[in-house]
Amino acid sequence: MPRPLVYLPVLALAMLGAAPTGESAADAPDAAGFEATVQPFLEDTCLPCHNNRRKRGGLSLEAFQSADSVARDPNVWEEALAKIRTGEMPPEDDPRPDPDTLTAVTHWIDHELERVDRTAIPDPGRVTIRRLNRTEYNNTIRDLLGVDLNPADDFPQDDSGYGFDNIGDVLSVSPVLMERYLLASERVARTAVFGPEPRKPTLERKNSGPRKIVESTEVPASYDQTGLSLPNASHVTHRFPVDGEYLIRVYGGGIRPAASEPVTFTLWIDGREVASQILDPEASASFADDQQELGGKALDFRIPISAGEHWVAVSIPRLYEGLPSFYNGPNPSSRPPFVWPDFRPPRKDPTPERIAEAMKRYEENRARVRPVGDARVGYMEIGGPYTQPSGPSAESRVKIFVCGHPHGRHVAGCATRIVSSLAERAFRRPVPVAEAARYTTLFRQARQRGESFDEGIAVALQALLVSPDFLFRLEPDRVAPATNSREVSQHELATRLSYFLWASMPDQALRSRAETRSLRRPDVLAAEVRRMLLDPRAAALVREFGGQWLQFRALENVKPDVEKFPDFDQYLRMSMREETERFFERIVREDRSILEFLDAKYTFLNERLARHYGVAGVTGPAFRLVEITDPNRGGVITQGSVLTVSSYSTRTSPVLRGKWVLDNLLNAPPPDPPPNVPIIDEAAIGASATQREQLEAHRANPTCAACHRRMDPLGFGLENFDAVGKWRTRDGSFPVDASGALPDGRSFSGPAELTKILASEREAFAKALTSKMLTYALGRGLEPYDRRTVRMIARKLPDHDYRFSGLVLEIVNSLPFQMRRGVATP
């Protein structure tokens with residue numbers, strides 16, 4: 001009788017001489033390699049400093065003198081591997097091991113870490129129950145009810161942890177926040193069911209901040225004829241609470257009745273010209289030099305504006321009038337629209353006749369110029385709304401009255417269907433009948449008091465919006481098997497996915513996938529991820545994750561010194577942020593390589609930012625894709641937003657910029673500085689000493705040297721960019737020295753060579769971005785056991801050609817995203 005097939009595996013193991021259980025040869029540590037290569041390296045290079053007696057850096061390696069020590073503490077070995085590869089260890093004062101030895105040691109450590117990853121019991125970790133942060137609350141209200149109120153703008157600021165404001169451990173709930181929840185629930189519920197309450201018009205002053213005002217004689221010959229790119233304009237952002245008609249009242253200065261011609265003021269909303277008015281200085285005295293005296297008549301614009309945040313700008317589109325000066329270039333279409341007349345002799349065949357013709361045209365042009373002095377927009381006031389629609393929006397009716405009777409005539413059972421539907425979407429999971437009945441009871445009680453059907457729905461909805469199931473993302477503990485891990489449910493996975501990519505609730509498509517229990521299928525999950533990345537709601541990933549990873553959200557709080565950087569204004573600040581957002585968005589929408597963050601030779605510019613960068617050929621306020629030809633610009637580290645937030649208000653900071661690169665691009669954040677660190681002499685920088693000389697003296701302190709040896713060279717490579725990202729060749733009285741040498745011996749000079757070095761660090765950057773995005777996706781800080789996941793994701797990215805969707809897919813398929821630590825079986 002033949003043997004059953006079930007015995008064949010055991011028989012095969014016996015024939016191979018292997019036991020059916022226990023550690024295989026492939027899973028055993030490489031003791032021979034350790035003794036031949038790593039042990040001598042430790043004894044000669046590491047142990048003299050990292051022993052029990054000296055314990056440099058708080059580390060002793062005496063307990064790590066065996067091959068199995070990698071499995072006991074892989075984090076120490078991974079840290080050692082990173083420091084060896086970057087050249088930080090051994091220190092620069094110690095003899096350098098030969099390259100072959102370093103290669104053999106790093107290869108052994110890397111191989112052993114892979115083995116440990118393969119054999120270790122996985123731990124997905126456990127996310128703290130966390131409330132919706134302000135952005136998530138606003139977006140969820142919008143998608144749940146079709147109400148764009150941004151009620152969370154009145155909530156206290158969210159705390160941040162590990163670089164992000166969606167971390168469960170720091171999202172506390174204060175009494176003030178609870179009070180705001182109650183107020184917001186009533187306002188949101190009644191707006192969704194009955195429409196916005198009539199609002200009394202208010203008037204708010206908006207100031208675009210300090211600006212350097214230019215006179216007409218100082219205007220560049222190629223200036224933007226819209227006037228938006230001049231500091232004489234005013235740019236603000238304002239959130240309009242409801243659709244309606246609003247007043248934009250404009251005050252200005254510098255217009256003298258006796259010396260000026262009529263001046264045109266133009267109103268722009270979101271980069272689009274919507275209205276203009278002409279001010280005759282002789283007929284109005286409202287534009288006094290002292291802008292604090294608001295007597296007389298101001299310019300009033302009354303226009304309809306939709307609810308939400310808008311960019312409002314007022315400009316003087318033609319700061320002076322005139323015709324182009326004599327131009328004899330090869331391309332007439334490149335002639336600037338307005339230039340201050342200056343005599344230009346003909347460049348081709350300068351005969352006396354041609355010179356005379358040029359002089360004649362010059363005199364004609366000069367006579368037609370009508371300067372308006374230093375006319376400027378001082379500030380504006382925004383008032384309203386003066387008209388607004390009544391009743392709920394069509395979108396709110398559809399989202400709430402799912403019984404099909406948005407205008408009344410409700411049938412029996414309609415309230416139960418409405419409340420159940422709202423509860424399931426608000427709680428982001430199936431809601432049992434008994435649980436939904438608690439909210440239906442509130443509806444019935446309202447009806448018994450004589451309230452209308454809609455009023456009862458509003459009461460039930462208000463209760464739903466203060467439920468912990470709405471305010472918090474709950475994943476109840478469940479008993480787990482022996483591995484102490486369990487899969488999150490299909491609806492929990494849908495919620496994790498939607499708040500990762502949209503910072504909002506799952507839509508109907510995601511909920512349907514969860515209900516049919518198909519979302520976890522690899523093909524379905526991949527299709528959903530790609531669909532979601534193309535959805536407009538994925539802009540939240542750019543703003544929230546990108547804004548905190550690249551730190552361009554911090555631009556709102558940056559205030560460069562107005563005396564040292566007089567050209568920095570609100571328009572430039574807004575343009576810098578827009579550039580980085582559009583750059584990030586292109587990588588997401590077109591599924592481009594994440595390596596373009598390092599060295600992409602394109603960006604998005606309008607004329608204001610192009611002039612700041614010294615890029616020719618970009619005119620007007622609209623942003624457009626621009627190919628970069630300057631070798632010193634490319635990738636995010638040369639964009640104005642990053643360069644500005646990594647500087648001080650009065651000067652650049654090689655330390656801040658170097659730290660930014662280490663933390664965000666190379667996955668090697670330096671430790672926090674020790675207490676009582678000596679400061680450098682600010683007054684001497686650029687006057688009696690260079691910043692490099694000041695920092696070299698600072699590094700003479702052994703306490704400071706170790707970290708600054710890593711940070712400072714990276715920051716010095718960006719020193720050609722001033723504190724607001726403008727190119728320079730001198731820092732005060734001294735020429736800029738943008739050279740540097742990394743701990744591993746590689747040297748560079750200037751941003752172009754530094755960018756090439758960073759672009760070569762693909763693996764380090766892949767780990768850095770993976771760590772940042774995984775932290776954001778999970779809503780918790782990464783623990784030592786998560787390094788395994790980070791390494792595994794980073795190793796798979798080349799298989800995806802480093803495309804952005806590949807990184808997202810690897811994260812959503814990873815152990816900590818799909819699972820959570822459970823409660824051990826009793």
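The values are calculated or read from the model by the stated rules, or taken from the named source; none is laboratory data. What you see is a predicted model; the values in this text were computed from it and never measured. Cβ coordinates were reconstructed from backbone atoms using ideal geometry, including for glycine residues, and neighbour counts include every protein chain displayed. Each accessible area value is taken on the protein alone, full model and side chains, heavy atoms only, with ligands, DNA and RNA left out. Shrake-Rupley method; radii C 1.70, N 1.55, O 1.52, S 1.80 Å.
For the stretch 713-821, the solvent-accessible area works out to 35 Å² per residue, with a probe of 1.4 Å and every protein chain left in place.
Note on E353 and L534: the extension gain reaches 58.9 nm, defined as 0.36 nm multiplied by sequence separation minus the Cα-Cα distance. Between A298 and A622, the modelled label-to-label distance comes to 3.2 nm, taking each label 7 Å out from Cα in the direction of the beta carbon. Run the paramagnetic zone check for E763: 7 angstrom along Cα to Cβ, then residues of the stretch 82-96 with backbone nitrogen under 11 Å. The answer is 82, 85-86. Amide H contacts of S276 (H built 1.01 Å from N, in plane; Pro and chain starts excluded): L267 sit under 5 Å, all sequence-distant by 5 or more or on other chains.
Summing +1 for each Lys or Arg and -1 for each Asp or Glu among the other residues whose beta-carbon sits under 14 angstrom from that of R586 gives -2.
Across the stretch 95-106, computed HN-Hα scalar couplings (Karplus, 6.51 cos²θ - 1.76 cosθ + 1.60, θ = phi - 60°) run x, 8, x, 5, x, 5, 5, 4, 5, 5, 5, 5 Hz from first to last residue, x flagging Gly and Pro.
Residues whose amide H falls under 5 Å from that of R592, counting only those 5 or more places apart or on a different chain, are F804, with hydrogens built in the peptide plane. How much length is gained if the chain between L182 and V466 is pulled fully straight, taking 0.36 nm per residue apart and subtracting their Cα-Cα distance, in nm to one decimal? Between L182 and V466, full extension yields an extra 101.6 nm. In the stretch 50-164, the portion of solvent-accessible area held by carbon and sulfur atoms comes to 49 percent [1.4 Å probe, whole percent, DNA, RNA and ligands not counted].
Hey, can you rank 603-613, 789-799 by average C-beta count inside 10 Å, highest first? Display every interim value, and only then the final one.
Numbers: 603-613: 22.8, 789-799: 18.5.
Peptide ranking by packing, descending: 603-613, 789-799.
The trypsin sites (Lys or Arg not before Pro) of the stretch 420-512 meeting both criteria, a DSSP state outside H, G, I, E and B (loop) and at most 14 other C-beta atoms within 10 angstrom of the site's C-beta, are R449, R478. Loop-resident GluC sites (Glu not before Pro) (DSSP state other than H, G, I, E or B) in the stretch 437-544 with no more than 15 further Cβ atoms inside 10 Å of their Cβ: E451.
Taking a probe of 1.4 Å, how large is the accessible area per residue of the stretch 557-629, in Å²? Walk me through the numbers before you get to the answer.
On the way: 3060 Å² over 73 residues.
In whole numbers, the stretch 557-629 has 42 Å² accessible per residue.
Using the Cβ-Cβ distance between D270 and R795 with R0 set to 56 Å, the FRET efficiency works out to roughly 0.80. Counting only residues at least eight positions apart within a chain, or on another chain, the lysines with an alpha carbon under 24 Å from that of K767 are K83, K601, K659, K756, K796.
Rolling a 1.4 Å probe across all protein chains gives D94 an accessible area of roughly 50 Å².
Is the stretch 32-86 best put as rounded, prolate or oblate by its Cα gyration tensor, with a ≥ b ≥ c the root eigenvalues, rounded for a/c under 1.5, and otherwise prolate when a/b is larger than b/c, oblate when not? Write out the running numbers ahead of the final one.
Numbers: a/c = 1.37, a/b = 1.21, b/c = 1.12.
The shape class here is rounded.
Of the heavy-atom accessible surface of the stretch 741-805 (probe 1.4 angstrom), what whole percent is carbon and sulfur? Roughly 46 percent of what the probe reaches on the stretch 741-805 is carbon or sulfur. Surface composition of the stretch 564-644: carbon and sulfur atoms hold 51% of the protein heavy-atom accessible area at a 1.4 Å probe.
Phi angles of the stretch 799-815 translate, via the Karplus equation with coefficients 6.51, -1.76, 1.60 and θ = phi - 60°, into HN-Hα couplings of 5, 9, 6, 6, 5, 4, 5, x, 5, 5, 4, 5, 5, 6, 8, 6, 4 Hz per residue; Gly and Pro are given as x.
A526 sits among other residues whose Cβ lies under 13 Å from its own Cβ, and their net charge, with Lys and Arg +1 and Asp and Glu -1, is +2. On full extension, the segment bounded by S739 and V173 gains 198.9 nm, given 0.36 nm per residue less the C-alpha separation.
Which of rounded, prolate, oblate describes the stretch 543-674, given a ≥ b ≥ c as roots of the alpha-carbon gyration tensor eigenvalues and a/c under 1.5 marking rounded, otherwise prolate only if a/b is larger than b/c? Can you show the working numbers first?
Values: a/c = 1.73, a/b = 1.13, b/c = 1.54.
It is oblate, given that a/c is not under 1.5 and a/b is not larger than b/c.
Other residues whose C-beta falls under 12 angstrom from the C-beta of I811 contribute a net charge of +1, scoring Lys and Arg +1 and Asp and Glu -1. Under a 5 Å amide H cut-off, with hydrogens placed 1.01 Å from N, G378 pairs with Y251, G252, G253 among residues at least 5 apart or on other chains.
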